[in-house]
Amino acid sequence: MTQQTAAASTATAGAPAQGGAAAHHDDHHDHGPAKGLTRWLYTTNHKDIGTLYLLLTLVLFFIGGLFAMVIRAELFTPGLQFVEPNFFNQMTTLHGLVMVFGVAMPGFVGMANWQIPMMIGAPDMALPRLNNLSFWILPFAFLLLLSTTFMEGGGVNFGWTFYAPLSTTYAPDSVTFFIFAIHIMGASSIMGSINIIVTILNMRAPGMTLMKMPLFVWSWLITAYLLLLAMPVLAAVVTMMLMDIHFGTSFFNAAGGGDPVLFQHVFWFFGHPEVYILILPAFGIISEVLPTFSRKPLFGYASMVYAMASIAILSVLVWAHHMFTVGMPLAGELFFMLATMVIAVPTGVKIFNWVATMFKGSLTFETPMLFSIAFVVLFTCGGLSGLMLAIAPADFQYHDTYFVVAHFHYVLVPGVIFGMYAGAYYWLPKWFGFMYDETLGKLHFWLSFVSVNVLFFPQHFVGLAGMPRRIPDYALQFADYNMISSLGAFAFGLSQVIFLVVLMKLKSGAKATDKVWDEPQGLEWTLPSPPPYHSFTTPPKVEQ
Amino acid sequence: MTEGQSRVSREIYDLHMLIFWICCIIGVMVYLVILWSILTHRRSVHPEPAKFHDNVTLEIVWTVIPSIILLAMAWPSVRVLSEMYDHSEGEVNIKVTGHQWKWRYEYLDETGPDRVNFFSSLATPRDEINNIDEKSENYLLEVDEPLTIPVNTRVRFLITANDVLHSWWVPDFAVKQDAIPGMVNTAWTVAEKTGIFRGQCAELCGKDHGFMPIVVNVVEKPEFEAWKATKLAAAAEMREAQNRDWSKEELYELGEKVYGQHCVACHQVNGQGIPPAFPSLVGDGIVLDDLEKHVDIVLNGVSGTGMAAFGGQLSAAELAAVITYERLAWGNEEKGDGRIVTPKEIIQMQSGGGAQ
């Protein structure tokens, strides 16, 4: 460590022997990155930080996946096999938290870092130091969160939704570390989204009006505003928990004049925009990939933008549809039911537009396209079960069963994760200059596609048959479907290892051309593959 | 989905099937178009892509038609929901309280000194859960004492919780209502058939969330009255019994039963608990030598931990019995002072005598 710090200081002092490139920071525009570990620690470069985000995402994806494997192993047959119920609860909690805050969110931030400057014709992000900070606090947040498992009294075990009072009065002592970790993740997201908004609004190339921006950029602009709105609310709710636990307040304690239901209102006021924060960037990616491999412009660009904006606005008006059984007044139930159903309209528009994009195109099926088509198909399935869940009277039967688990995994795994894979396979050759192994990519896709359905489709049935979620053991009539689901889970988990192989073999792949694909649209394809360290040193001209 | 056997549950089932088929039709239509594109618009058969990227008419059509379908779905939903939200009093009114990890049922319509009031907890033996014994038919869905209600009668449930959130769910009645500490929610049903109906807690409530089932026994009205009379007689007998003298053996015997219902989930059959969350009772200083403290903890709980206050949950005889049992079992009798407590003493303490 001391050696590296020394190397860094000599570099800044201008010694030519080591890190010469960094030393002449002001003299040359076209310089490469610094050498060694400090490159990654001190980097303010959007590509380096994007890579760091994506690496963290990959690590956490496998950690969170491991937790899911524990859950599915325990649920393979009825009875308690491998873990105690309390540890099972820790697994469901950490699986949810890691996948939401550690995979879906930083994964898309990583892609935004790589892509947004290149897509809008900018040299870098607008606030590079902030960018560095917003990444480097994240690993510590997750270390803190994961370390609770090893603490006396056990780790966080109250579900990723951490409803009070299970997460306050009845929580293990480690909950304080959890609160701190959530604060750090929230701070990171807020800084990241400020950076993205500032970059998009100020650094677009001349001629690129808002309505000329690529849809991935649009999706991130909207997402970043949602993050700015939602994350402080999450910070508020965990702060109230902290006060209840340590400073004798009673926000969520009815005995002290508070209200446990208040927790749920505040949490879901964050939580519902959050689910669109997770899915909107995936919408953006799909809207980039489908036109390229259909060789046809995106159908209904403007309506796609308006649909995303209306989804974002509606998303802050529907939070209590997660709480239909909490005992709300009838008027509240009706409002949240109807508002939720309205979301189906813009979501439908998006799906129809994607289908119309493919219609009468000239389709080829490279790995990114396969993931994108699967996204449209399976997201439609998850969207339709979401519409069913919106129907409040029926939700009394669906709520907190595996039907809900199936629904949100359908939108999050073949939704968010497939969207991320589509983006990764689409842009990897551009980022690193090598083509991935198409055979392995297709193998990865087909195994994932089949196993994800084996994994989650049966969960609709056990849910409708009456199996509650978050239970470590279940009645005998649920046994068959749970076994199928577990087998699917193991297969899905193993299939993801193929992606690691794809990444490791990347450097031995063929050299990627600048355009990589046939006729992709967008400024990033005008750059060489891999692109220069500072993407556009002179802004490109966008046709009016 | 369970069709169930009340009017509301059937209406919900019909609604569910309606939206299910609508969603299926929409889904299949979308999938067919995608499939059509994949098959006939692939580059090998369709090398020249079309150039269109907008069609206002089409876009208006696929905004308006879904909106109309949604309205068609919304109307019956509003109707069913309004019906479910009828909070008026029932012919039978039952308070349902969620505890970690059991349900308590109190029948509220009695005017006499005694009420039917009991806990209902999992009856599946630990050995079945731990895969030692073969699992029985109603594995994890059986309780020691089911909730009993009369058929064809409006029963209103007043649902609350004692510690964390729970949710009382019986699919056959389509009743699912969160149990919230400090709040009371209502739900109702009219059961149309006699028989046994099973459900489970539907809100994560800690370690044994998966092990607190609900069993409802729907019986004919006369049978219900008879059942209630027996329960009331037993309650009256118990009230009398608190004032008589109990032998050590009697207390131990009842105590073992009470321990099995209320304590075993955390402190385990062998009394060794799961430290540090759930401390061991074997050779513990309080259990061995500090009777006053021991009584205080059982009666008033320990705030900030999972230890509930049992003073309001159990009768004096049950409290005395379980404390006695804990002080005598697992070799504690030999190691400690062996002092026990009688129901009379508990009553004295509860009426202000001296749990302090």
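The values are calculated or read from the model by the stated rules, or taken from the named source; none is laboratory data. What you are looking at is a predicted structure, and each value in this text was computed from that prediction instead of being measured. Positions of Cβ are backbone-derived with ideal geometry, glycine not excepted, and every protein chain shown enters the neighbour counts. The accessibility values were calculated without ligands, DNA or RNA, using every heavy atom of the protein model including side chains. Shrake-Rupley method; radii C 1.70, N 1.55, O 1.52, S 1.80 Å.
Tabulated values for the structure
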{"item": "Residues of segment B:182-219 satisfying the condition of being more than 10 Å from the chain's Cα centre (by Cα), open to solvent by less than 20 Å² (accessible area, probe 1.4 Å) and over 22 Å from A:E84 (Cβ atoms)", "result": "B:N185, B:A187, B:T189, B:A191, B:V216, B:V218, B:V219"}
{"item": "First in segment A:466-490 and facing chain B (nearest Cβ under 8 Å) and closer than 20 Å to A:H95 by Cα, second anywhere and charged (D, E, K, R) and part of a helix (DSSP H, G or I), Cβ under 6 Å, 6 or more apart", "result": "A:P472/A:E74"}
{"item": "Residue match in segment A:401-409 (condition: over 20 Å from the mean Cα position of the chain (by Cα) and either facing chain B (nearest Cβ under 8 Å) or surrounded by fewer than 23 Cβ atoms within 10 Å (Cβ to Cβ) (or both))", "result": "yes"}
{"item": "Some residue of segment A:77-91 being away from chain B (no Cβ under 14 Å), acidic (D, E) and surrounded by fewer than 19 Cβ atoms within 10 Å (Cβ to Cβ)", "result": "no"}
{"item": "Any hit, segment A:492-501, residues being open to solvent by 10 Å² or more (accessible area, probe 1.4 Å), in a helix (DSSP H, G or I), modelled with pLDDT of 95 or more and of a type in the set (G, A, S)", "result": "yes"}
{"item": "Filter result (assigned to a helix (DSSP H, G or I), of a type outside the set (S, T, N, Q), open to solvent by 20 Å² or more (accessible area, probe 1.4 Å) and more than 20 Å from B:E203 (Cβ to Cβ)) within segment A:307-344", "result": "A:A309, A:I313, A:L314, A:L330, A:A331, A:L334, A:F335, A:L338, A:V342, A:A344"}
{"item": "Search result, residues across segment A:148-171 that are over 25 Å from the mean Cα position of the chain (by Cα) and under 17 Å from A:F252 (Cβ atoms)", "result": "A:A164, A:P165, A:L166, A:T168, A:T169, A:Y170, A:A171"}
{"item": "Unmet requirement for A:V454, which otherwise passes all of (1) within 22 Å of the chain's Cα centre (by Cα); (2) more than 10 Å from chain B (Cβ to nearest Cβ); (3) more than 22 Å from A:W517 (Cα to Cα); (4) open to solvent by 10 Å² or more (accessible area, probe 1.4 Å)", "result": "(1)"}
{"item": "Residue under evaluation A:Y425, criteria (1) more than 11 Å from chain B (Cβ to nearest Cβ); (2) more than 26 Å from A:G159 (Cα to Cα); (3) open to solvent by 10 Å² or more (accessible area, probe 1.4 Å), criterion not met", "result": "(3)"}
{"item": "Number of positions in segment B:318-354 that are of a type outside the set (D, E), at negative phi and open to solvent by 40 Å² or more (accessible area, probe 1.4 Å)", "result": "11"}
{"item": "Of all residues in segment A:507-544 being among the acidic types (D, E) and under 21 Å from A:F293 (Cβ atoms), the one that is most open to solvent (accessible area, probe 1.4 Å)", "result": "A:E519"}
{"item": "Per-region count, segment A:281-305, residues away from every other protein chain (no Cβ under 11 Å) and surrounded by 23 or more Cβ atoms within 10 Å (Cβ to Cβ)", "result": "10"}
{"item": "Tally of residues being open to solvent by 60 Å² or more (accessible area, probe 1.4 Å) and over 12 Å from B:S315 (Cβ atoms) across segment B:234-252", "result": "6"}
{"item": "Cβ-Cβ under 7 Å pairs, at least 6 apart or on other chains, segment B:91-110 side closer than 13 Å to B:K228 by Cβ and free of Cβ contacts under 8 Å to residues at least 24 places away in the same chain, far side charged (D, E, K, R) and open to solvent by 30 Å² or more (accessible area, probe 1.4 Å)", "result": "B:E106/B:K95; B:E106/B:R115"}
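Listed here are the residues, each with its yes/no results for (1) in contact with a strand residue (DSSP E or B) (Cβ under 6 Å, 6 or more places away or on another chain); (2) at the interface with another protein chain (Cβ under 9 Å from one of its Cβ atoms); (3) within 25 Å of A:F299 (Cβ to Cβ).
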{"site": "B:R7", "(1), (2), (3)": "no, no, no"}
{"site": "B:I12", "(1), (2), (3)": "no, yes, no"}
{"site": "B:I19", "(1), (2), (3)": "no, yes, no"}
{"site": "B:I26", "(1), (2), (3)": "no, yes, yes"}
{"site": "B:M29", "(1), (2), (3)": "no, no, yes"}
{"site": "B:H41", "(1), (2), (3)": "yes, yes, yes"}
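Each row is one residue, and each column tells you yes or no for (1) within 14 Å of chain B (Cβ to nearest Cβ); (2) in a helix (DSSP H, G or I); (3) touching a strand residue (DSSP E or B) at 6+ places or on another chain (Cβ under 7 Å); (4) modelled with pLDDT under 95.
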residue	(1), (2), (3), (4)
A:P123	no, no, no, yes
A:F142	no, yes, no, no
A:G159	yes, no, no, yes
A:Y170	yes, no, no, yes
A:F180	no, yes, no, no
A:A187	no, yes, no, no
A:I190	no, yes, no, no
A:I197	no, yes, no, no
A:P206	no, no, no, yes
